[in-house]
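Q: Mind having a look at this structure? Questions to follow.
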Amino acid sequence: MFHKNGIMQYVAFSVWVLSLSTMFSRFIHVVASISTLFLFIVIYYSIIWIYHILLITHHLMDIWISHFYE
């Protein structure tokens, strides 16, 4: 009788550890997904900022050159 009770406790503990590891794995997956999304957003806005800086610089150079050669 004691042996069956010990086996049942071991099985219950094993199921609990397995479910805990599954939840932890899902948590890691969600964190990785959010981190990847954040990285893509940062890269996207960095590219937009670089584009705007280059566009503004080009526009200011055009203005400066046009005033210099007038």
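The values are calculated or read from the model by the stated rules, or taken from the named source; none is laboratory data. Just so you know, these numbers come straight off a predicted model, no measurement behind them. Positions of Cβ are backbone-derived with ideal geometry, glycine not excepted, and every protein chain shown enters the neighbour counts. When the accessible area is computed, the model is the full protein with side chains, heavy atoms only, and any ligands, DNA or RNA have been set aside. Shrake-Rupley method; radii C 1.70, N 1.55, O 1.52, S 1.80 Å.
Q: Quick one: with all protein chains in place, what share of the accessible area of the chain is carbon or sulfur, to the nearest percent (1.4 Å probe)?
A: Carbon plus sulfur share of accessible area: 79 percent.
Q: Same structure, new question: Would you indicate which of (i) 1.00; (ii) 1.71; (iii) 1.13 is the value of Rg/Rh (Cα atoms, Kirkwood Rh) derived from the coordinates of this structure?
A: Working out Rg/Rh (Cα atoms, Kirkwood Rh) from the coordinates points to (ii).
Q: Heavy-atom accessible area per residue, the chain, 1.4 Å probe: how many Å²?
A: 100
Q: How tilted is helix 2-68 with respect to the longest principal axis of the chain? Cα atoms for both, answer in degrees (0 to 90, nearest 10).
A: The helix 2-68 is inclined about 0 degrees to the chain.
Q: Calculate, for Ser21 and Ile48, the FRET efficiency according to 1/(1 + (r/R0)^6) with r their C-beta to C-beta distance and R0 35 Å; round to the nearest 0.05.
A: The calculated FRET efficiency here is 0.30.
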